[in-house]
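Any read-out appearing in this document is the output of simple, stated calculations on the displayed coordinates, not a laboratory observation. This structure is a prediction, so every number in the text was calculated from the model and none was measured. Cβ coordinates were reconstructed from backbone atoms using ideal geometry, including for glycine residues, and neighbour counts include every protein chain displayed.
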Amino acid sequence: MDKTNKISRKDQILQALARMLEAAPGRRITTAALAKEVGVSEAALYRHFPSKARMFEGLIKFIEDTLFARITRIINEEESAEIRCQNILLLILTFCDKNPGMTRLLTGDALAGETERLHQRIAQFFSRLEAQLKQILREAQIRENLKTTISPAALANLLLASCEGRLVQFVRSEFKVSPLDNWDTQWNFLSKNLLEPYSTTAETKATV
């Protein structure tokens with residue numbers, strides 16, 4: 001029972017932190033304010049997390065576990081490289097649209113003045129995401145013997161930059177401009193001008 005209560009309290013603290021990040025865009029979160037939001041003392045916070053950095057790491061881990069589990073599912077369910085990339089980027093944008101506070105973590109906005117370890121953790125998240133996109137495109141290129149004018153590495157970086165830029169705009173607008181605004185139109189342009197070789201061959205094979 002004690003262990004269950006402890007886990008519940010930790011989740012409560014993380015949920016409160018996410019709410020505060022959303023409610024106060026651009027502002028730093030203090031442990032005193034967080035303790036007040038949770039309804040406990042600062043000492044009680046530190047019984048569950050040894051530092052504020054650990055609290056941020058708890059949220060980052062939640063983001064990683066949630067998104068990469070779903071990315072794995074997308075890869076297992078879809079064969080087309082184009083659809084895989086489309087669904088992965090849409091997943092990221094939709095998650096951030098629904099979780100503005102966590103988007104502040106992903107853009108680094110909430111980490112100003114925090115330990116370098118947290119910045120590195122976010123950098124690793126995006127590096128892992130870019131590597132996943134690159135692998136999808138590279139495997140499709142090899143499998144379908146595609147000849148493209150841009151390398152899988154360059155294309156993966158461009159796709160991620162398009163997605164990541166929308167997250168920055170979302171935070172900069174204080175969550176007024178959704179990362180999903182006009183994304184369908186922009187994705188159609190990207191897929192037609194950059195991903196057509198990856199989709200056309202797959203469609204041709206499916207038709208035969």
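Here are the numbers for this structure:
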quantity: Angle between the chain longest axis and helix 183-193 axis [Cα atoms, degrees, rounded to 10]; calculated: 40 degrees
quantity: Cα-centred dipole magnitude for segment 59-208, charges only on beta-carbon of K, R (+1) and D, E (-1), debye, nearest 20; calculated: 200 debye
quantity: Derived scalar couplings ³J(HN,Hα) [segment 82-98; Karplus, 6.51 cos²θ - 1.76 cosθ + 1.60; whole Hz; x for Gly, Pro]; calculated: 4, 5, 4, 5, 4, 5, 5, 5, 5, 4, 4, 5, 5, 4, 5, 4, 7
quantity: Lysine pair number, Cα distance threshold 21 Å (strictly under), segment 53-207, separation 8 or more or different chains; calculated: 7
quantity: Fewest-first sequence of Tyr46, Tyr198 by Cβ atoms within 10 Å of each Cβ; calculated: Tyr46, Tyr198
quantity: The chain - mean residue ellipticity at 222 nm from DSSP helices (-39,500 (n - 2.57) per run, n ≥ 4, rounded to 500); calculated: -26000 deg cm²/dmol
quantity: Per-residue Cβ neighbour rank within 10 angstrom, fewest leading, His48, His119; calculated: His119, His48
quantity: Relative exposure of Thr30, Thr149, judged by other C-beta atoms within 10 Å (fewest first); calculated: Thr149, Thr30
